[in-house]
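S.K.: Mind looking over this structure? Questions follow.
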Amino acid sequence: MRILIAEDDRISRSFLQKFMVTYGEVEVAVDGMDAIDIYMDAIKEGKPFDLLCLDIMMPKVDGLKVLKVIRQLENQNEKASDKKIKIIMMTALADIGYVDEAFRLGCDAYASKPVDTEKVEEAMKNLGLITDEKESKQV
């Protein structure tokens, strides 16, 4: 599985990277613009990501705008629903409005910070990305 982590906080980014590497190949983005660039490069190279762990509050371009751009690109390219990148939004914000907006824009799951690895694993199972702990689905 190919995983992109978009997180501006170095400690959170490092933690997520160490956790997610057990599930596949991981790349990291330090802000929203970086996430869009890395996503676009992967598409051009024919190596799309299967999962994006996306922080809502980031510099340059926030996570909600990144989510919106990615879903618009997928729709423009008429990508089938089962071929779209799975997106788990992550934030320390308790504001339900951000969560509602993320789901409206097309996120697949939501995880609050600090990140609970068991909840992230559960979300990945629910999205069909993994079948059991530490076992990645062949995508």
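The values are calculated or read from the model by the stated rules, or taken from the named source; none is laboratory data. Note that this is a predicted model, so its numbers are computed, not measured. Neighbour counts run over all protein chains shown; Cβ positions are idealised from the backbone, glycine included. SASA here: full protein model, heavy atoms, side chains in, ligands and nucleic acids out. Shrake-Rupley method; radii C 1.70, N 1.55, O 1.52, S 1.80 Å.
S.K.: Counting only protein heavy atoms and a 1.4 Å probe, tell me what percentage of the range 10-139's accessible area is made up of carbon and sulfur.
M.R.: Within the range 10-139, the accessible surface is 49 percent carbon and sulfur.
S.K.: Which percent of the Cα-Cα distances in the chain go past 22 Å?
M.R.: 30
S.K.: Here's something else I'd like to know. Averaged per residue, what accessible surface does the chain expose to a 1.4 Å probe, in Å²?
M.R.: Result: 54 Å² of accessible area for each residue.
S.K.: If you add up the charges near Gly32, with Lys and Arg at +1 and Asp and Glu at -1, over every other residue whose beta carbon is less than 11 angstrom from its beta carbon, what do you get?
M.R.: Net local charge, Gly32 excluded: -4.
S.K.: In the structure displayed, which of Lys18/Lys113; Lys47/Lys86; Lys18/Lys119 lie more than 19 Å apart, Cα to Cα?
M.R.: Listed pairs above 19 Å: none.
S.K.: Taking θ as phi - 60°, what are the ³J(HN,Hα) couplings along the range 78-86 by the Karplus curve (6.51, -1.76, 1.60), each to the nearest whole Hz, with x for Gly and Pro?
M.R.: Here the 3J(HN,Hα) series is 6, 6, 5, 3, 6, 9, 6, 5, 7 Hz.
S.K.: Helix-only mean residue ellipticity at 222 nm, the chain, DSSP H runs n ≥ 4 weighted -39,500 (n - 2.57), per residue, nearest 500. What is it?
M.R.: So the calculated ellipticity at 222 nm is -13000 deg cm²/dmol.
S.K.: What accessible area, in Å² to the nearest ten, does a 1.4 Å probe give for Asp55?
M.R.: Its heavy atoms expose roughly 10 Å² to the probe.
S.K.: Under the Karplus relation 6.51 cos²θ - 1.76 cosθ + 1.60, θ = phi - 60°, what is the ordered set of whole-Hz ³J(HN,Hα) values for the range 20-33, x standing for Gly and Pro?
M.R.: Per residue, the Karplus-derived 3J(HN,Hα) values read 6, 4, 5, 9, x, 7, 10, 10, 10, 10, 9, 7, x, 5 Hz.
S.K.: Same structure, new question: Let's see if you can work this out: charge +1 on each Lys and Arg Cβ, -1 on each Asp and Glu Cβ, no other charges. What is the dipole magnitude of the chain about its Cα centre, in debye to the nearest 20?
M.R.: 260
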